[in-house]
């Protein structure tokens, strides 16, 4: 009973202080069907924003969380039949983009680290942002 009281008190105190339980804050969305493979690969990431076939997912954490999420997403998408394409030589190394293809579809994931308000507006905490996108593969016609 004491653990339950302590947990309830912690939740109440956190809500009074303005503590975010997830990095999305008040933003919540549902992935569109075209990004369902991303949802399966990053099943514990809160979805913050969705616009068409693009979405933003986030985690609390720094470099370790970024690395874990990246490796897990790559492994799960590969296991689901999505082939990883070579990286673009123009991509920003600080925010790598991973592109996967299956059939006539492409999924891209851009992972980056930043800081997000957690305990009030002035208390920042490390966070990981994943920009996900889905598009049909654009094949070039041969001359």
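Coordinate-derived values only; no laboratory data. What you see is a predicted model, and the numbers here were worked out from it, not measured in a lab. Cβ sites come from the backbone with ideal geometry, for glycine too, and all protein chains shown count toward neighbours.
Observations on the model:
- One chain, two ends: residue 78 and residue 101. Fully extended at 0.36 nm per residue, the span grows by 7.3 nm beyond their Cα-Cα distance.
- Cα→Cβ-extended label distance, 7 Å offset, between residue 60 and residue 26, nm: 2.0 nm
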